[in-house]
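All remarks here apply to the structure that follows.
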Amino acid sequence: MELCFRGGACEVGRSCVELKTEKSTVLFDCGVKLSPEESEYPILDNLNADCVFASHAHLDHTGGIPLLIRKGMVPAIYATEVTKAISKELLRDSIKIAGAEGQDIPYDKADVNKSLNLFRKARYNHPKDFKDFEFEFFNAGHIPGSSTISLNYGGKRVVYTGDTKVSDTDLVKGADLSYTKEDIACLIVESTYGDKNQENRADAEKNFINKIKETLERGGIPLVPVFAVDRSQEILMILNKHDFGVPVYFDGLGRKITRIMLQYPKFLNHPDDLKAAFLNVIEVESKDRPKIIKEIKQNGGIIVSTAGMLEGGPIIPYIHEFMEDPKNSLIFTGYQVEETAGRKLLETGKIEIGEFDIEPKLEIASYQFSAHGEMDELREIVKKANPEVLVIQHGEEEVVNVFKDWAVLEGFNENRVFTPKIGDKINLTEFLK
């Protein structure tokens, strides 16, 4: 058994881990690392995958799947039904955005459609055979349909956590860790927040709501950039618990994603609450945006819109309209990947508009409603799993190394704790005899 890290190693984005045996070659995810300049895809040379396990629908885990088709591969793609449904929208939207912005993308709509036809339904806690192994999906607690995947090779289990979170959120139930009850030969764990704990979620919600109220009380407009999947829906549910006296406007792809999620209530923690929140917003069509902006200027309102890292999307015209008034606020609700416009704004106070870096006058605030497990949760997973080999990935390099240092201090064999980089290989057979 050999692991090859084709993406997502010492970085957040383009997740893609290959596991190869004499009889099969599988991929855990195949994503993209989005960038306003040039997006990065996994290194897919010298690969002929038999199947892909799509842990969840976010593009940093699925955005490279059509590239496999373009390269001549026809793998079976296993995912939960809601993962397929959301992936369909995100992949097609990525084609549309690339065309609108004049970006090159290494596949086309036909490749997307072919890849969607290869999806096979996987169910939680329902083992299934494939070639020389048995696989099983477990709820990962990240977003609706997200999965931790366990592969069993004759008693040697390799577990890929995917993006995971142990505690419940308004939107989804926390991760099912029952996979840790049996021996695990190799655990491949994400580490997005492997070096720190987040603000207590109840405190984050309270502080977020207070910032919304502060902004409204001084006559300002709160702008809330969100991710289309997960954060849109959770923020709507949080806002719906309060009466602000002004409407909530909902713009962007999150509207369509919310409708999809409501079709799969078994993957939601509180489906009735999401439905109620969605019914209480004013949806914004792109053609109506100028009229809505004028309406908001006159009467006030709260704007919830993609994109969550300010990498394009309908949030941009709202920022243009409202950034010069210090009474307004821009309130981040999630992780800002390195080199994104959102990260740059948080670190420098500036946003790129055209050829210029502009310092907006509106207030900038940030609260964490992360769908990723924080440090203590990830450590809990590792301790419960107690693997023979631990592989730490899906994290910025400094974070990955902090996580490794903890694992070694915890008693894990330093020679069996790996922090691979892109292109690295690990011969698991050497450690699992």
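The values are calculated or read from the model by the stated rules, or taken from the named source; none is laboratory data. Quick caveat: nothing in here was measured; it's all calculated off a predicted structure. Because the Cβ atoms are built from the backbone with ideal geometry, glycine has one as well, and the counts that use them run over all protein chains shown. Keep in mind that these areas ignore ligands, DNA and RNA; they rest on the heavy atoms of the full protein, side chains included. Shrake-Rupley method; radii C 1.70, N 1.55, O 1.52, S 1.80 Å.
Taking every alpha-carbon pair in segment 338-433 and binning the separations at 5 Å intervals from zero gives 2, 9, 17, 16, 13, 10, 10, 9, 6, 5, 2, 0, 0 percent.
As a ratio to 2.2 N^0.38 Å, the alpha-carbon radius of gyration for segment 389-431 is 1.13. Placing unit charges on the Cβ atoms only, positive for Lys and Arg and negative for Asp and Glu, gives segment 291-433 a dipole magnitude near 420 debye about its Cα centre.
Hey, what D do you get for segment 226-273 in µm²/s if you plug the Kirkwood alpha-carbon radius into Stokes-Einstein at 4 °C and 1.567 mPa s? Can you show the working numbers first?
On the way: Rh = 11.4 Å.
Once the numbers are plugged in, D ends up at 113 µm²/s.
Quote the FRET efficiency, to the nearest 0.05, computed for residue 364 versus residue 280 with a Förster distance R0 of 35 Å and r equal to the Cβ-Cβ distance.
Values: r = 27 Å, r/R0 = 0.77.
Computed FRET efficiency for residue 364 and residue 280 comes out at 0.85.
Scoring 127-134, 273-280 by mean Cβ neighbours within 10 Å over their residues and listing the highest first yields 273-280, 127-134.
For segment 1-156, the share of accessible area belonging to carbon and sulfur comes to 44 percent (1.4 Å probe, ligands and nucleic acids excluded). Relative to its Kirkwood radius, the Cα radius of gyration of segment 234-385 gives an Rg/Rh of 1.00. For the chain, the relative contact order is 19 percent, taking Cα pairs closer than 8 Å that sit 6 or more residues apart in sequence and dividing their mean separation by the residue count.
Once you compute Rg and the Kirkwood Rh from C-alpha atoms, what is the Rg to Rh ratio for segment 28-67? List each step's numbers first, then the result.
Details: Rg = 10.4 Å, Rh = 10.6 Å.
Reported Rg/Rh, Kirkwood definition of Rh: 0.98.
So what is the 222 nm mean residue ellipticity for the chain from helices alone, if each DSSP H run of at least 4 adds -39500 (n - 2.57) and you divide by all residues, rounding to the nearest 500 deg cm²/dmol?
Values: 13 runs with 135 residues, N = 433.
Rounded to the nearest 500, it is -9500 deg cm²/dmol.
Of the residues 367, 284, 332, the one whose Cα sits farthest toward the positive end of the charge dipole of the chain, with +1 on the Cβ of Lys and Arg and -1 on the Cβ of Asp and Glu, is 284. The solvent-accessible area of residue 302, taken with every protein chain present and a 1.4 Å probe, is close to 0 Å². For a modelled paramagnetic label at residue 23, 7 Å from Cα along Cα-to-Cβ, the residues of segment 46-76 in reach, with backbone nitrogen under 20 Å, are 48-53, 75-76. Pairwise Cα distances in segment 15-154 exceed 27 Å for 17 percent of all pairs.
Can you list the DSSP H helices in the chain whose Cα atoms extend at least 27 Å along the helix axis and whose mean Kyte-Doolittle hydropathy is 0.0 or higher? Working shown, then result.
Details: long enough: 81-101 (30 Å, -0.10).
Qualifying helices: none.
Kindly report the accessible area of segment 157-212 per residue (heavy atoms of protein chains, probe 1.4 Å, no ligands, DNA or RNA), in Å². Show your work: numbers first, answer last.
On the way: 1900 Å² over 56 residues.
On a per-residue basis, segment 157-212 sits at 34 Å².
Backbone geometry of segment 351-364 corresponds, through the Karplus equation with coefficients 6.51, -1.76 and 1.60 at θ = phi - 60°, to 3J(HN,Hα) couplings of 10, 7, 10, x, 9, 10, 8, 10, 9, x, 8, 5, 6, 10 Hz, x marking Gly and Pro. For segment 120-135, the Karplus equation 6.51 cos²θ - 1.76 cosθ + 1.60, evaluated at θ = phi - 60°, returns couplings of 10, 6, 10, 10, 4, 6, 9, x, 8, 8, 8, 6, 9, 8, 10, 10 Hz by residue, with Gly and Pro reported as x.
Three principal axis extents of segment 124-235 based on alpha-carbon atoms, in descending order, are 64, 25, 17 Å. Taking 0.890 mPa s as the viscosity and 25 °C as the temperature, the Stokes-Einstein diffusion coefficient of segment 204-324 based on its alpha-carbon Kirkwood radius rounds to 168 µm²/s.
Which far-off residues, 5 or more places away or on another chain, put their amide H under 5 Å from the one on residue 283, with H placed in the peptide plane? The answer is 250. Surface calculation, 1.4 Å probe, protein heavy atoms: residue 107 sits at approximately 10 Å² accessible.
Here the peptides 383-394, 224-235, 65-76, 341-352 are ranked by packing, the mean other Cβ count within 10 Å, and the order with the highest first is 224-235, 383-394, 65-76, 341-352.
Directionally averaged projected area (the chain, Cα convex hull): 19.6 nm².
Residues whose amide H comes within less than 5 Å of that of residue 353, counting only those at least five positions distant or on another chain, are 358 (H built at 1.01 Å from N in the peptide plane). All Cα-Cα distances of segment 87-144, cut into 5 Å bins from zero to the largest, leave 4, 14, 18, 15, 14, 15, 11, 6, 3 percent in each bin in turn. A cut-off of 5 Å between modelled amide H atoms, ignoring neighbours fewer than 5 places along the same chain, links residue 389 with 186, 187.
Summing charges over all other residues whose Cβ lies under 12 Å from the Cβ of residue 398, with Lys and Arg as +1 and Asp and Glu as -1, gives -4.
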